[in-house]
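Peer 1: Below: one structure in structure tokens.
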């Protein structure tokens, strides 16, 4: 008889699900829809039903399941309680207890989605070989996850690592979804750089390669930057200035071995690392200079790997 682990990453649109063996090797992966109606009451039963279906397909007996790991887009306490998850319509309840009830699996571990992605990258991705990393996810916002001594830093309410909501500009006018203004993610997310490009293209008559595109994405911005476009350089310089400065402040608090950069913006490759690191080195105090900066490697699978790692711990 083997041992199996289910790694589950709940997103606002889909639930990513993976079946792993007892050594943490992925055997299968698939997705189901995240049904958010009725305050998200269908999400966990749908996951349990999908697990039961996979058990049947694979001939897996209940006693062969070592555990279930789960990543959730919201603050999670160490004992698996969610403290409201607006994206899913959830209030305050124990996700871990509910999954145990639905599946009959006793070992259930639940974490914040950004944190478990960081743990996955530290274990099997860009953070391999380091015990202490900070993962930064550059997408719609700026997500963060902190791993210290190989374990997730959760904080008192499971909300540690929210680096995207550090206030970086006290005079900032860009409102953030968190209710503040001037947050890091208003300057260094994929959303931020695309918005800034739109402002410059529509609000100025400066020549730029960016004017050639109907829709400007991060790829177009970084391609233009690499080609020496001055408008793209202004956008990328602002992105890197705020992020490099922000990470230098993070270093003052947690002193990681390395930063791992993921999310959609990171797909532009080494140039992203280079511009962030340049600004980081300008702002870091002496003991924190020379940190490793790595690109994330696991993509959308990082969260699933991280949840499996929690079960194996």
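Peer 1: Provide the packing ranking of 143-152, 77-86, 109-118, i.e. peptides ordered by the mean count of other C-beta atoms within 10 Å per residue, highest first.
Peer 2: 109-118, 143-152, 77-86
Peer 1: What is the diffusion coefficient of the range 106-252 in µm²/s, taking the Kirkwood radius over Cα pairs and the Stokes-Einstein relation at 4 °C with a viscosity of 1.567 mPa s?
Peer 2: This corresponds to a translational diffusion coefficient of 78 µm²/s.
Peer 1: Provide 178, 183 in ascending order of the number of other Cβ atoms located within 10 Å of each residue's Cβ, fewest first.
Peer 2: Fewest-to-most Cβ neighbours within 10 Å comes out as 178, 183.
Peer 1: Over 29 Å apart: what share of the alpha carbon pairs of the chain falls there, rounded to a whole percent?
Peer 2: 39
Peer 1: Hey, any idea what the orientation-averaged projected area of the convex hull of the range 4-113's Cα atoms comes to, in nm²?
Peer 2: Here the figure is 6.1 nm², rounded to one decimal.
Peer 1: Okay, next question. Separation of the range 276-297 and the range 64-116 by C-alpha centroid, Å?
Peer 2: 34
Peer 1: Sticking with this one: Where does helix 43-58 land angle-wise versus the long Cα axis of the chain, in degrees 0 to 90, nearest 10?
Peer 2: Helix 43-58 sits roughly 60 degrees off the main axis of the chain.
Peer 1: Same structure again: On a 0 to 90° scale, report how tilted helix 230-254 is relative to the longest principal axis of the chain, with both axes built from alpha carbons and the result rounded to the nearest 10.
Peer 2: Tilt of helix 230-254: around 50 degrees.
Peer 1: Run the helix sum for the chain: -39,500 (n - 2.57) per DSSP H stretch of 4+ residues, divided by residue count, reported at 222 nm to the nearest 500 deg cm²/dmol.
Peer 2: -11500 deg cm²/dmol
Peer 1: Nearest 10 degrees is fine. How inclined is helix 270-283 to the longest principal axis of the chain, computing both from alpha carbons?
Peer 2: Compared with the principal axis, the helix lies near 70 degrees.
Peer 1: Something else about it: With just the Cα atoms defining each centre, how far is the range 172-241 from the range 35-49? Give it in Å.
Peer 2: When both Cα centres are located, 37 Å separates them.
Every number in this text was worked out from the coordinates using simple rules, so none of it is lab data. Keep in mind it's a predicted model, so treat the numbers as computed, not measured. Note that each Cβ is placed from the backbone with ideal geometry, even for glycine, and that neighbours are counted across all protein chains shown.
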